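The values are calculated or read from the model by the stated rules, or taken from the named source; none is laboratory data. Just so you know, these numbers come straight off a predicted model, no measurement behind them. Positions of Cβ are generated from backbone atoms using ideal geometry, with glycine treated the same way; all protein chains shown enter the neighbour counts. Only protein heavy atoms, including side chains, enter the accessible area calculation; ligands, DNA and RNA are left aside. Shrake-Rupley method; radii C 1.70, N 1.55, O 1.52, S 1.80 Å.
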Amino acid sequence: MVITLIILALSAFFFVNGKIRSDVVALCALVLLILCGILTPEEALSGFSNSIVIMMVGLFVVGGAIFQTGLAKMISSKILQLAGKSELKLFILIMLVTSAIGAFVSNTGTVALMLPIVVSMAVSANVSPSRFLMPLAFASSMGGMATLIGTPPNLVIQNALLEGGFEGLSFFSFTPVGIICVLIGIVVLIPLSRMFLVKKGEKKTEKKARKKSLKDLAYEYQIAQNLFRVGVKSDSTFRGKTLAELNITGKYNVTILEIRRESKSQNPFMKTIDQELAGPNTSLQIGDVLYVLGAFAQIELLTKDNNLDLLDTHTAEVSEEKVPHDMVFGEIGIAEVLLMPNSQLINRAVKDSGFREKYNINILGIQRGGKYLLQDLKDEKMHSGDALLVQGTWKDIARLNEVQSEWVVVGQPLAEAAKVTLDHKAPIAATIMILMIIAMVFDFIPVAPVAAVIVAALLMVLTGCLRNVEDAYKTINWESIVLIAAMLPMSLALEKTGASAMISSGLVSYLGDFGPIILLAGIYFTTSLLTMFISNTATAVLLAPIALKAALDIGVSPYPFLFAVTVAASMCFASPFSTPPNALVMSAGKYTFMDYVKVGLPLQVIMGIVMVLVLPLLFPF
């Protein structure tokens with residue numbers, strides 16, 4: 001028992017530390033349990049054959065197909081248009097639509113889908129997007145409480161009940177709880193978001209009713225202050241050479257963004273200029289104007305070494321109202337890209353990102369925790385939740401939307417962000433999803449719901465709702481799958497060694513005398529506190545058997561106690577790092593850690609108090 005608790009404590013420490021991936025930590029704990037003789041190899045690997053894990057793999061594929069066919073985007077954008085210009089209507093509709101989608105699809109995927117739509121709608125209504133983005137993340141978690149498949153902790157407590165010999169929960173057993181969570185969220189977040197999520201400067205912007213333009217985005221990332229024009233003269237060493245030959249970034253640590261040159265098809269009545277994105281094979285000519293991003297000292301060195309004409313010498317701060325260079329966004333534009341929590345770019349240097357090679361896109365800056373990184377970018381490693389300012393043709397920027405599992409494009413022109421790209425496969429995806437839900441509700445398929453999910457995932461691939469099998473695999477968040485599969489045997493080890501019984505008896509001895517309500521509150525807030533430091537799935541896996549044992553020890557129904565575990569594990573709002581959706585909106589909403597404490601902590605506490613009172617009414621002791 002002592003060894004098991006030490007392994008558990010070490011796992012929790014590394015989960016909180018965050019320097020090692022959570023799935024690697026879980027696998028290390030699993031190996032230690034085998035080496036210490038606590039679990040047999042068969043017991044340790046049982047998590048990988050568990051129906052929860054198989055079902056989650058299928059659900060990721062089904063959710064990915066719903067996104068790729070444009071079905072979810074079509075539904076959400078059409079409904080949000082009903083809000084018009086009303087801020088309150090828009091807020092309520094965002095909460096309702098997000099929670100409805102979150103009931104059937106992963107909360108991270110729901111936020112990735114809704115983020116660009118909500119930013120577009122907010123700006124169109126002349127409201128700061130920060131008012132909506134944190135509630136958007138919270139609503140995706142609340143919606144997950146409405147169905148059996150909405151969030152992994154729901155599946156965890158279902159598994160705990162079945163293994164304990166109790167009757168399993170139906171698909172919609174969670175719906176009353178989910179509805180209450182969403183209603184509480186709307187009522188509490190309307191005033192809190194207004195008080196704490198709209199900054200003073202943003203309130204002025206709202207009053208001016210000025211939409212955020214591309215020039216505003218350039219100013220925000222200080223591109224204007226670091227952008228200089230350099231002319232190629234007849235005796236310059238650049239003349240006739242390609243950018244690949246010159247290796248300007250490597251030598252001077254500056255970036256050539258674009259090239260302006262007189263058009264070859266000259267109009268005798270008008271001088272026209274071609275705007276060209278700088279590529280490795282671009283050959284420079286006399287009279288070219290290069291738009292160079294970098295520190296002024298480096299730009300000066302570049303021009304002196306290569307006999308170039310420095311057309312700008314600004315070193316003072318640039319005002320927001322007047323951005324220099326007459327920055328024109330025609331065919332070439334800029335956009336903001338948010339990295340997803342499971343993106344393959346995380347911990348990879350900018351120079352190794354492949355943006356230039358695969359998409360013909362330049363990375364101009366990184367926003368991280370309210371700070372902007374603009375110098376020495378090529379060696380800078382990217383982190384989860386980073387916002388990247390990218391530049392390229394609008395066609396190439398649009399191509400970034402094809403990889404929704406890696407990043408979310410949010411800083412596009414309003415017209416681009418609001419576009420709904422529908423696929424002819426959307427009706428097929430909708431039919432498959434509805435049939436899956438019907439099969440799970442009415443048990444048409446033997447050993448449902450896991451069989452229903454597998455069949456639905458296969459149909460999504462076979463009917464072409466996903467381009468190919470590789471696309472299906474890419475939609476799966478393997479870190480989450482391995483984490484759950486490796487952590488499930490931990491609960492078996494706790495039970496096998498008597499640690500689970502010891503913890504539950506401790507809770508019962510301290511709180512049991514005060515009645516089941518107080519014990520329920522103790523389990524709820526213990527789960528809620530633990531979820532602030534480790535993932536909600538891992539928390540649910542560890543607390544579910546303890547809650548079940550505690551309920552049986554005092555002779556009451558385990559159902560309200562297990563629901564307390566799943567609700568507390570999912571309703572964690574006080575930290576940006578407690579759930580992936582919270583982290584995903586942090587950069588886009590320009591939130592600080594304290595913003596989550598001011599808004600999320602009161603909501604988390606209020607939600608807990610209401611749930612402790614309501615759960616015994618829905619599921620009597």
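When the residues of the range 173-200 are narrowed to those that are outside any helix (DSSP H, G or I) and under 18 Å from M611 (Cβ atoms), which ends up farthest from the chain's Cα centre (by Cα)? Residue satisfying both the conditions and the ranking: S173.
Restricting S130, S106 to those that are open to solvent by 10 Å² or more (accessible area, probe 1.4 Å) and polar (S, T, N, Q) reduces the list to S106. Could you tell me whether G64 is buried (at least 24 other Cβ atoms within 10 Å of the Cβ) and either hydrophobic (A, V, I, L, M, F, W, C) or modelled with pLDDT under 90 (or both)? So G64 fits the description; yes. Residues in the range 566-621 that are out of contact with any strand residue (DSSP E or B) (no Cβ under 7 Å at 6 or more places or on another chain) and of a type in the set (G, A, S): A568, A569, S570, A574, S575, S578, A583, G589, G600, G608. Of all the criteria given as (1) assigned to a helix (DSSP H, G or I); (2) surrounded by fewer than 22 Cβ atoms within 10 Å (Cβ to Cβ), the one not satisfied by S557 is (1).
Need a quick list: strands (runs of 3 or more DSSP E) entirely within the range 277-382 having at least 2 residues that are modelled with pLDDT of 80 or more, touching an Asp or Glu at 6+ places or on another chain (Cβ under 6 Å) and of a type in the set (D, E).
Once the strands (runs of 3 or more DSSP E) in the range 277-382 are filtered for at least 2 residues that are modelled with pLDDT of 80 or more, touching an Asp or Glu at 6+ places or on another chain (Cβ under 6 Å) and of a type in the set (D, E), nothing remains.
Per this entry, T537 is counted among residues that are under 25 Å from F619 (Cβ atoms), at pLDDT below 85 and under 26 Å from the mean Cα position of the chain (by Cα). Applying the condition of being among the β-branched types (V, I, T) and surrounded by 23 or more Cβ atoms within 10 Å (Cβ to Cβ) to the range 470-495 and asking which residue is farthest from the chain's Cα centre (by Cα) yields I484.
Among residues that are part of a loop (DSSP other than H, G, I, E, B) and either open to solvent by 10 Å² or more (accessible area, probe 1.4 Å) or closer than 16 Å to G185 by Cβ (or both), A568 is not included. Count of the range 523-541 residues, restricted to those that are surrounded by 20 or more Cβ atoms within 10 Å (Cβ to Cβ) and more than 19 Å from M490 (Cβ to Cβ), is 2. Just one of the listed residues (A544, A501) is part of a helix (DSSP H, G or I) and open to solvent by less than 20 Å² (accessible area, probe 1.4 Å), namely A544.
Among all positions in the range 576-586, there is at least one residue which is modelled with pLDDT under 85, of a type in the set (A, V, I, L, M, F, W, C) and open to solvent by 30 Å² or more (accessible area, probe 1.4 Å). Please state which one of G150, G168 is out of contact with any Asp or Glu (no Cβ under 6 Å at 6 or more places or on another chain), part of a loop (DSSP other than H, G, I, E, B) and surrounded by fewer than 24 Cβ atoms within 10 Å (Cβ to Cβ). That would be G168, the only listed residue that is out of contact with any Asp or Glu (no Cβ under 6 Å at 6 or more places or on another chain), part of a loop (DSSP other than H, G, I, E, B) and surrounded by fewer than 24 Cβ atoms within 10 Å (Cβ to Cβ). Scanning the range 1-42 for residues that are touching a residue at least 60 places away in the same chain (Cβ under 8 Å), assigned to a loop (DSSP other than H, G, I, E, B) and either among the hydrophobic types (A, V, I, L, M, F, W, C) or surrounded by 20 or more Cβ atoms within 10 Å (Cβ to Cβ) (or both) returns M1, I38, L39.
Within the range 357-373, residues that are at positive phi have Cβ atoms under 7 Å from residues that are in a strand (DSSP E or B) and modelled with pLDDT of 80 or more in these pairs: N360/G392, counting only partners at least 6 apart in sequence or on another chain.
Since L511 meets every condition but one in (1) surrounded by 17 or more Cβ atoms within 10 Å (Cβ to Cβ); (2) more than 21 Å from the chain's Cα centre (by Cα); (3) in contact (Cβ under 8 Å) with a residue 12 or more places away in the chain; (4) under 29 Å from S575 (Cβ atoms), which condition does it not meet? Single failed check for L511: (3). Taking first residues from the range 524-540 that are over 15 Å from G608 (Cα atoms) and in contact (Cβ under 8 Å) with a residue 40 or more places away in the chain and partners that are open to solvent by 60 Å² or more (accessible area, probe 1.4 Å) and aliphatic (A, V, I, L, M), the Cβ contacts under 7 Å between residues at least 6 apart in sequence or on separate chains come to F533/V16; I534/V16. Give the residues of the range 77-100 that are crowded, with 24+ Cβ neighbours inside 10 Å and within 25 Å of I476 (Cα to Cα), sorted by residue number. Within the range 77-100, V97, T98, S99 qualify.
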